[in-house]
Each structure stands twice: as C-alpha cells, then as structure tokens.
Amino acid sequence: QSALTQPASVSGSPGQSITISCTGTSSDVGNYNLVSWYQQHPGKAPKLMIYEVSKWPSGVSNHFSGSKSGNTASLTISGLQAEDEADYYCCSYAASNTYVFGTGTKVTVL
Amino acid sequence: QVQLVQSGAEVKKPGASVKVSCKASGYTFASYYMHWVRQAPGQGLEYMGIINPREGNTNYAQKFRDRVSMTRDTSTSTVYMELTSLRSEDTAVYFCAREKPRTFYFDSWGQGTLVTVSS
C-alpha cells in the first residue's frame, strides 16, 4: 500500500486560508468517504482534526474544514493562526481493516 | 478522561525483539479497537495494524505481517505490540491509537514510545 501524496510544505500569513491536498487511488480515498486528518506538533502525538472527510470531532475549531473529489481529499485552514503551525497528515481506510497515511505536510505561518 | 499511557523508550540490537505496552484508562477497554502506528525520525506516519481487545483478533499491515504480534491483557486494560527481527530501519516512535468500532478514525493517541535499534 503506497502512502497518499501530500505537498511537503504549505505556508500562509495569519488570517489567510490554505489548502492541503491528499491524493490517493480508487482503492482508498476514491472508494471510501473515510478520510481523516491529523495535526502533529513537534514531539507530540497526532491529534484528530477531521473525520469522514468533513466532520469535526468535539473540541476542534471549525476553521478547519475537509472535502473530497474523486481520489483527492483536501484540508482547508481558514483564518490561519500561529498555533496552526504543525505537520498535517491525511489517512484513508483502504479495505480489509487496513489504513494508509499521507506523506505529511508542514504548515508554516509566516 | 481517556488516557493511553505507553511504556518507556527502548534500545535494542539488530535481530532482537521489542515489546511496547499501551495501558488504557477512562473508558471501557473492550469497547474500542486499538491500532499501532509508527513514525521514523523526521518521517511520516506508518500504519502497522489493529487489535480488537474484546476478542483478541488482529489484522496486520502486509509490510509487518511476518514480524509483528499484537496482544492484549483485559485484566490490566493493556495492549502490547511486539516487533521481532529488528533492524536499523525500525528505529521509530511507536504510537497506540484508539478507534470506536467501525468509525475508521483514531480519536485518542498514546504519547509514543521511542525504539532505537543500534549495534
């Protein structure tokens, strides 16, 4: 199972919006609405930000939003804040109780 | 509150085995699946497999299928991940992560356990 493809880095100024793409195949992202997104600060465990493509877990700000088209999912951060600077990973269910993660994107707030 | 507390860092020689534990509290242990994910230094997340603590059944990612074993002890609400025939490429932080059955996302994570493989 190959990793989902994400851009290595994305940057933006405070208040701007940025979008991170996550490209898979028809066997994972394209076949299931089961994409989740995780935020990871240096030295910390990942934190769930979005599940089932576009749903928010309790306690997560709605300035994070998710979408999907075909084999590509996307995470948009609106109104970028300093504390959003972190690594972001997408993850998709890939059948037979296995999962595949994205390559990861480093978000920098300028 | 939900807590997943993992065992401490390990240093192992190539060819050895390591067993990492993940102790759960704050919820009904048998009611949630547990997954294992690893992250090599400076690299991304890599999925390893799942254990159903209620029944003990497992499913492993193909890459690890011949070297990994996930078990649980319901009396202590602890899951274990053992990786054998260690090589330098197995140097990584290993995380346990919880899933409410059939939700397909990981809502709580352990703090991570660094396993270093070095001669």
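The values are calculated or read from the model by the stated rules, or taken from the named source; none is laboratory data. Just so you know, these numbers come straight off a predicted model, no measurement behind them. FYI the Cβ positions are ideal-geometry reconstructions off the backbone, even for glycines, and counts take in every protein chain you see.
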(message) Looking for something outside any loop (DSSP other than H, G, I, E, B) and farther than 30 Å from residue A:52 by Cα - is there at least one such residue anywhere in segment B:89-112?
(response) yes
(message) Being within 14 Å of chain A (Cβ to nearest Cβ) and in contact with a His (Cβ under 7 Å, 6 or more places away or on another chain) is the requirement here; does residue B:95 meet it?
(response) no
(message) Can you find, within segment B:17-58, the residue that is nearest to the other protein chains (Cβ to nearest Cβ) among those that are over 15 Å from residue B:98 (Cα atoms) and part of a strand (DSSP E or B)?
(response) B:45
(request) Quickly run through segment B:101-116 and pick out the residues that are under 21 Å from residue A:93 (Cα atoms) and surrounded by 14 or more Cβ atoms within 10 Å (Cβ to Cβ). (result) B:103, B:104, B:105, B:106, B:107, B:108, B:109, B:110
(message) Yes or no: segment B:82-100 includes at least one residue that is of a type in the set (Lys, Arg) and either without any contact (Cβ under 8 Å) to a residue 24 or more places away in the chain or closer than 19 Å to residue B:4 by Cβ (or both).
(response) yes
(message) If the requirement is being touching a Gly at 6+ places or on another chain (Cβ under 8 Å), surrounded by fewer than 15 Cβ atoms within 10 Å (Cβ to Cβ), in a loop (DSSP other than H, G, I, E, B) and among the small types (Gly, Ala, Ser), which of these qualifies: B:119, B:85, B:75?
(response) B:85
(request) Filter segment A:53-105 down to residues that are within 11 Å of chain B (Cβ to nearest Cβ), modelled with pLDDT of 95 or more and closer than 28 Å to residue B:64 by Cα, then give me how many there are. (result) 15
(request) Could you list, in sequence order, all residues of segment A:94-110 that are surrounded by fewer than 20 Cβ atoms within 10 Å (Cβ to Cβ), under 25 Å from residue B:102 (Cβ atoms) and either without any contact (Cβ under 8 Å) to a residue 12 or more places away in the chain or of a type outside the set (Val, Ile, Thr) (or both)? (result) A:95, A:96, A:97
(request) Taking only segment A:97-110 into account, find how many residues are β-branched (Val, Ile, Thr), under 21 Å from residue A:27 (Cβ atoms) and not in a loop (DSSP other than H, G, I, E, B). (result) 1
(request) Select from segment A:38-88 the residues that are among the aromatic types (Phe, Trp, Tyr) and either at positive phi or touching a residue at least 40 places away in the same chain (Cβ under 8 Å) (or both) and list them in ascending order. (result) A:38, A:88
(message) Whether any residue in segment A:25-36 is under 20 Å from residue A:82 (Cα atoms) and surrounded by fewer than 21 Cβ atoms within 10 Å (Cβ to Cβ) is what I want to check.
(response) no
